[in-house]
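For reference, the structure is listed below as structure tokens.
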Amino acid sequence: MASDTPEPVASGLSHQKTLAPVEITEDTSSSSTGLPEGMLFDIVLECSPSDGSHRALEALEIVVLGVPDLGEGEAPTLKRSSPTVWKYSGVIELYSDMDNITVIVRSENAGDFGYLDLSNEETAKYLGRNIRADLEEGAYKYVIETDMDDISLCLKFEAAASVNHEHPDLTLPVEGRLGSMPSRADEQIEHLDDALSASEYHKNSQECSRRFDRTADVADISKAIEYQQIAVLLTPEDHPNMRVHVANLGGLFRARFVRAGNLSDITDAIKCQQKALGLAPLGHADRPAYLNELGISFVLRFDQASAIDDISSGIEHISNAVLLTPKGHPDLPSRIDGLGTSFSSRFRQKGDFVDISAAIKNHSKAVQLTLDGDTAMPFYLNNLGSSYLCRFQRTQDLLDISNAVKYAKQAVLLTHEENPRLVMYLDTLGTSLSDLFGETGIYEDILDAIKYLERVIKITPEGHADMPSYKSKLGDAFLHRFGHTADLVDLNNTIECHQRAVFLTPEGHTHKHLYLAKLGSAFLKRSQRSGSATDISNGIECLRTAISLIPSGHPTKPHYLTNLGCAFSDRFEKTKDLADISRAIKYKQEAVRITPDNQGGKSLGLSLLGNSLLRRFVQTRDSDDLFQAMKCQEKAVFLNPKESVYLSRLGSSFYCRFEHFADVDDITQAIEYHRKSVSFILDDHPMIHEYLINLGHTLFRRFEHTRNHDDCLSAIHNFRLAATQISGSPAKRLLAAKRWAHSSMEAKRLSMDILDQDEALRAYSVAIELLGVVAGINETIQTRHTNLVDISALTVEAVALALVLGHNNTALEWLEQGRCLVWNQLNQLRSPVDILRTHNATLANRFLALSKELESSGSRSESTAFSSVTALSHQMEIEAQVRKHVELAQEWTRLLDRIRTIPTFHNFLRPPDANSILSQLPQDGPVIFINVLHVRCDAMILLHGADEALHVPLDNFSYQKAVRLCTKLRNHLEFHGLRVRDERGIQRRPRNSAEMKPLRQILRELWIGVVRPILDAMGYSTPQKVRNHIRWCATGPLAFLPLHAAGIYGEESKTQSTCLSDFAVSSYTPTVSILLDKLKKSTTSIDPQEAKILLISQPNTPGLSPIPATTTETQAVFDIMQQNHIQANLLEGSEATKARVSEKIGSYNCVHLACHASQDPIQPLQSGFSLHDGKFELLEIIRQQLPVAELAFLSACQTSVGDEKLSEEAVHLAAGMLAAGYQGVVATMWSIRDATAPEIAKDFYNYLLMNGHGNGTSKLNARDAAYALDYAVQRIRETLKGDDEAALLTWVPYIHFGL
């Protein structure tokens, strides 16, 4: 009767088959002359007496019938290895001419008592008979039927195919199969008579192996393997050299695995070493060595594939090797050391501290057994240090990491520079120093760590298998240093290193998840610094992928889950999407659940989970979240009672409970925990600012509740400390300065005499200084604007206080220093260095070159999130740009500091002081600042040559009124369809009588509340015959209202109206500094031979409504230019593409754009002009550096409409044209009428060319643009015959910026 077909056993699990008794037949087959097709090896027989006794079954034999050349007298005898286990270390070969295999188990005292029949047809699949594709190698287990009721037998063996020369795709045997045979080996085998002997192939293999040791070239080790395979093939199975040859082949496979990381190589190595071990019987002198080598290979495969059976087998084999190695044997220290390494590997997988303790014990013993001066001593010392490092990374025990550094240093000191193992020792030392720095904060340690790790990478050849690991560790060190310095260069270097590690690691590698997780965490760290949503998205993507790759039960999985939860928490802070914070809580809860209570990560996970629960409570007010949050934080503090971060978070939980239930005991507890968090942290720790702010905030809240003056003073003291501490995050320092200022102002409001009157001024002074740092040039323009959204109102707060306290010039300086930060930075980068060049030409030229590079880098588009890490190569290119930008910014800043050390250049590119501003103002009229704050509204009149700015309180106007007027205007424009220019003009729609004249009402309120009081303060009581030129600079919501048109308008005619244009001609300027810069660069007129204008018309932009009058408008302007002998180039329709306009615009003094335009409320830098093939965006305009730019006329809609969230930054198309270099810009506040736009343009240019201040035939310059626009508007008002609502909507949107 035939048996069931056996199935391979995976991971040591067995599939038992019950076999019926078989009839035993005598085998009379003749000897086989063919080559073996298969083999059985690692044969084990287990005997299990049912009564639990160990019956004396001695001298067990396996009789195999049906195998040629193997008679009963040659039956393999099993040796007893335990009371119930017998083993056979040889190999039974199976041939093609065998019909079936019958196995009989016999003993001297029991005779034949067990039977097993394996038909050849059924075993063909796993014996490799004829069909290679069907080969199933592996472990098999059968229950053998016996004649004894009280005994059961189980037969186990390994099966594999041998080489089949009729099928050249079959491979040589390594325990049956010795790896992949190169195709040319078969050709050599066919001519064995002419071939070298096995020993000569073995020698050739050794030579190639030695060459590989020198070159690390995979081709060399592959050649060595090829030669050794032939040597094995040429060696008879029973030859004494077979054991040596197959063992050497295993070593070669393992060497190639270590170099290239191919899992099949280490599997082949194991099979070779298993066969070598099988050929070395118990008591053989080489058996301990083979056990050790096999164990090492199992450990290496475990390190790659994470199969727990491999590490268990590795430890078992190496342990046996150690047990069999006599005391005093020279290899004993090495084997003990290897045993320690195997325990470390299992610890990294399972996290069992028994393993890491065993590792340290064995490594220590190896060191103790090694004599001083032994060349192996550095290796053992390094491994001992590595095991301490491994344990520290779980325990955070300072003694462990100190020992790691000590032993790694000793290893490096004992190693010559030429020693190839030096790189390994430097790696351990650098990593240990990096972690030691993270624990102690001693800066020299992290400097040394980075030095050693960079050296490791420098001396490691490209393509080396360990390069990803080295890159990753260097990234860790940069991240540690960033935590100390907050230097963005370090953080960018961290990301670059981890990206490189991911990129260099092949798919399926066991460490891929580790590098991805580190990369994701680095992205999150940068997002916390920069506020980048892209970084958060990239972090989430990396961490999700890492978690999907990590093996089940891996000890680092809780850490990954926690970090992914933190990523969603960070995104929640931006989106306020409850789904994000709920995901954060889910991942953190899972992390806590699977983290053992005795691991250091438990308290961190609990604390972070509590933090997310608290954030959700603040959003939902679900008290259950609050209670759960406090429970988590209390347990975290219980586990780590002196950890500042846990104490601070517990304090925040008590504070939230106070806010919810108003129990003073809760805020007292909060203060106590925040005080402890500050007391347990170093003064220069990067988190000190956050803990001081938390303490100050809770103290001030208790002051507000109890009116205890000591609490107020303590709160202000802590805010001041946080704001003025130099180290740490500029954003945190800025927050502290704001809290310092606000709490000081509140204390004064409550009439507390305990504070100096100027305390809040000092706070605001620090805050204004920090604004420029937060909006640093090391970020793109887009990111800088994003970072300013929540802090743009800070300047107007400071200015209001300065004006109230009578510090008018301070208020002026703060307005200049704290507004339009990005435009001011751009102006700095474009500042001329002519004076500096006369002093130091080299310094000036380098500064100018850096400025140009930095501007170009800063105006690049912001990167978007990647949907998967398959886009890693592109992502790495983007990161390279980021790193380059930050490095440029730092070099530029260092160079600027160096320039300022030159005696006459100490104010180089510093914001101008008030006296400098007032002395350089234009003489044709004042500049007027209007500062709008929630609590008050003020104007400052700046006059040329004055000693001080004139303060005019605007008591009849307010922030709330400005917001109401903005809302009314926006609704009115949308009602009339005036957000886009089209041929229909104003849409007259029915509405009730109370809403008939909203624009007139808006202009009336602006006149009464803002403009009239200012004119009165300047003595403009009646309309002026010679009108001065006023430049307006408004803040807050007032920046979006038409101050230039403020007045009381009559219905029928102009004579019934009183408005600002009766008294002055109006312009706008984003800042006084920008105006002064334009004044310095202005010329009286343009040479007629050089004057040129570029005209752009888009009457039928694809996808947008037609505006046919743009053709009429640009043709009329073209004709005017021709009449005045000015060169003009008209691009219309399909000719006006983005590329063409970008190419041409720099060659013309003036540009006139008649087209659609739009303001993007989400991404203001993506606002732009609609050309034939897309949008010419504001960011692209900013990139333009136009040396001859003079005047831009933007005959499109919304070209001066900024971002309401960035009212102090003037992020609109008109400001962008000023930034690009134009001296003056005509823009619009809302949609203009297609019918009247041509007339306004004609009147504007006619006035400019006929009545300007130029002396030649050409007067095409920006100095007269404001008067030209005023003339054109007055003409259109006359044409419209009155100032009814429709007329106002037609001419009011036209405004002028610049000179």
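The values are calculated or read from the model by the stated rules, or taken from the named source; none is laboratory data. Note that the structure is predicted; figures quoted are calculated from it, not measured. Ideal geometry is used to build each Cβ from the backbone, glycine not excepted, and the neighbour counts take in all protein chains shown. Remember, those area values only see protein heavy atoms, side chains included, never the ligands or the DNA or RNA. Shrake-Rupley method; radii C 1.70, N 1.55, O 1.52, S 1.80 Å.
Scanning segment 882-940 for residues that are acidic (D, E) and closer than 30 Å to P1037 by Cβ, we see that the one that is least open to solvent (accessible area, probe 1.4 Å) is D938.
Can you tell me which residue among S1195, S1170 is modelled with pLDDT of 90 or more and open to solvent by 10 Å² or more (accessible area, probe 1.4 Å)? Give the steps one after another, and end with the answer.
Details: S1195 fails: open to solvent by 10 Å² or more (accessible area, probe 1.4 Å).
Testing whether each residue is modelled with pLDDT of 90 or more and open to solvent by 10 Å² or more (accessible area, probe 1.4 Å) leaves just S1170.
Among residues of segment 616-635 that are closer than 16 Å to L606 by Cα, those with a Cβ under 7 angstrom from a residue that is of a type in the set (F, W, Y) and part of a helix (DSSP H, G or I), sequence gap 6+ or separate chain, pair up as D625/F617; L626/F617; A629/F617; Q633/Y646.
So which residues in segment 330-352 are over 22 Å from T510 (Cβ atoms) and in contact (Cβ under 8 Å) with a residue 12 or more places away in the chain, if there are any at all?
Filtering segment 330-352 for residues over 22 Å from T510 (Cβ atoms) gives 330-337.
Of everything in segment 330-352, those that are over 22 Å from T510 (Cβ atoms) and in contact (Cβ under 8 Å) with a residue 12 or more places away in the chain turn out to be D331, L332, P333, S334, R335, I336, D337.
Taking segment 420-460 as the range and being modelled with pLDDT under 95 and touching a Pro at 6+ places or on another chain (Cβ under 8 Å) as the test, only R421 passes. For the residues S873, S861, the requirement of being open to solvent by 20 Å² or more (accessible area, probe 1.4 Å), part of a helix (DSSP H, G or I) and either among the acidic types (D, E) or modelled with pLDDT under 65 (or both) singles out S873. Listed by position, the helices (runs of 4 or more DSSP H) enclosed by segment 480-574 that each have at least 1 residues that are closer than 30 Å to F617 by Cα are 512-530, 533-549.
Please verify whether segment 1198-1218 includes one or more residues that are open to solvent by less than 10 Å² (accessible area, probe 1.4 Å) and either at pLDDT 90 or above or in a strand (DSSP E or B) (or both). No.
For the criterion of being touching a Lys or Arg at 6+ places or on another chain (Cβ under 9 Å) and either farther than 25 Å from S530 by Cα or at pLDDT 90 or above (or both), A741 passes. Taking the criterion of being open to solvent by less than 30 Å² (accessible area, probe 1.4 Å) and not polar (S, T, N, Q), the residues of segment 632-644 that qualify are C632, A636, V637.
One line per residue, one yes/no per condition, for (1) of a type in the set (K, R); (2) open to solvent by less than 40 Å² (accessible area, probe 1.4 Å); (3) at pLDDT 90 or above:
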{"residue": "C1033", "(1), (2), (3)": "no, yes, yes"}
{"residue": "H1044", "(1), (2), (3)": "no, yes, yes"}
{"residue": "V1065", "(1), (2), (3)": "no, yes, yes"}
{"residue": "I1086", "(1), (2), (3)": "no, yes, no"}
{"residue": "K1092", "(1), (2), (3)": "yes, no, yes"}
{"residue": "L1095", "(1), (2), (3)": "no, yes, yes"}
{"residue": "Q1098", "(1), (2), (3)": "no, yes, yes"}
{"residue": "A1116", "(1), (2), (3)": "no, yes, yes"}
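Against the condition within 21 Å of K518 (Cα to Cα) and either modelled with pLDDT under 95 or open to solvent by 30 Å² or more (accessible area, probe 1.4 Å) (or both), how does G565 come out, does it pass? Criteria not met by G565. Only residues that are farther than 14 Å from S552 by Cα and open to solvent by 30 Å² or more (accessible area, probe 1.4 Å) were counted in segment 301-312, giving 4.
Of all the criteria given as (1) closer than 22 Å to L805 by Cβ; (2) buried (at least 16 other Cβ atoms within 10 Å of the Cβ); (3) among the β-branched types (V, I, T), the one not satisfied by V963 is (1).
Among L323, L294, L282, L332, which is of a type outside the set (F, W, Y) and buried (at least 23 other Cβ atoms within 10 Å of the Cβ)?
Details: L323 fails: buried (at least 23 other Cβ atoms within 10 Å of the Cβ); L282 fails: buried (at least 23 other Cβ atoms within 10 Å of the Cβ); L332 fails: buried (at least 23 other Cβ atoms within 10 Å of the Cβ).
Going through L323, L294, L282, L332 in turn, just one is of a type outside the set (F, W, Y) and buried (at least 23 other Cβ atoms within 10 Å of the Cβ): L294.
Entry remark, segment 647-685: residues being small (G, A, S), open to solvent by 50 Å² or more (accessible area, probe 1.4 Å) and under 17 Å from G696 (Cβ atoms) number 1 in total. Which fully enclosed helices (runs of 4 or more DSSP H) of segment 216-315 have 1 or more residues being closer than 21 Å to T341 by Cα? Passing ranges, in order: 241-260, 263-278, 287-305.
Could you list, in sequence order, the residues of segment 978-1015 that are open to solvent by 30 Å² or more (accessible area, probe 1.4 Å), over 15 Å from C966 (Cα atoms), at pLDDT 95 or above and not basic (K, R)? Result: I1008, P1013. Can L436 be described as of a type outside the set (F, W, Y) and over 16 Å from F392 (Cβ atoms)? When the stated conditions are applied, L436 does not pass them.
Only one of R571, R583, R593 is open to solvent by 60 Å² or more (accessible area, probe 1.4 Å) and either in contact with a Gly (Cβ under 7 Å, 6 or more places away or on another chain) or closer than 21 Å to N640 by Cβ (or both); which? Step through it out loud before you land on a result.
Details: R571 fails: either in contact with a Gly (Cβ under 7 Å, 6 or more places away or on another chain) or closer than 21 Å to N640 by Cβ (or both); R583 fails: either in contact with a Gly (Cβ under 7 Å, 6 or more places away or on another chain) or closer than 21 Å to N640 by Cβ (or both).
Criteria check complete, one pass: R593.
Name the single residue, out of those in segment 677-699 being at pLDDT 95 or above and more than 30 Å from the chain's Cα centre (by Cα), that is nearest to A723 (Cα to Cα). Applying the filter and picking the extreme gives G696. Among the residues of segment 1153-1165, are any among the β-branched types (V, I, T) and open to solvent by 10 Å² or more (accessible area, probe 1.4 Å)? Checked segment 1153-1165: at least one residue is among the β-branched types (V, I, T) and open to solvent by 10 Å² or more (accessible area, probe 1.4 Å).
L812 meets the stated requirement of being open to solvent by less than 30 Å² (accessible area, probe 1.4 Å), part of a helix (DSSP H, G or I), among the aliphatic types (A, V, I, L, M) and modelled with pLDDT of 90 or more. Find the residue count for segment 686-716, including only residues that are open to solvent by less than 20 Å² (accessible area, probe 1.4 Å) and farther than 17 Å from S652 by Cβ. Count: 4.
Among what's in segment 565-618 and is closer than 20 Å to F523 by Cβ and β-branched (V, I, T), pick the residue that is farthest from the chain's Cα centre (by Cα). Give the steps one after another, and end with the answer.
Taking segment 565-618 first, the residues closer than 20 Å to F523 by Cβ are 565-575, 577, 580-581, 583-584, 587-588, 591, 604, 608, 611-612.
Narrowing the set further to residues that are β-branched (V, I, T) leaves 575, 581.
On the way: T575: 18, I581: 20 Å.
It comes out as I581.
On the stretch given as segment 531-544, residues that are closer than 30 Å to G351 by Cα and open to solvent by 30 Å² or more (accessible area, probe 1.4 Å) total 2.
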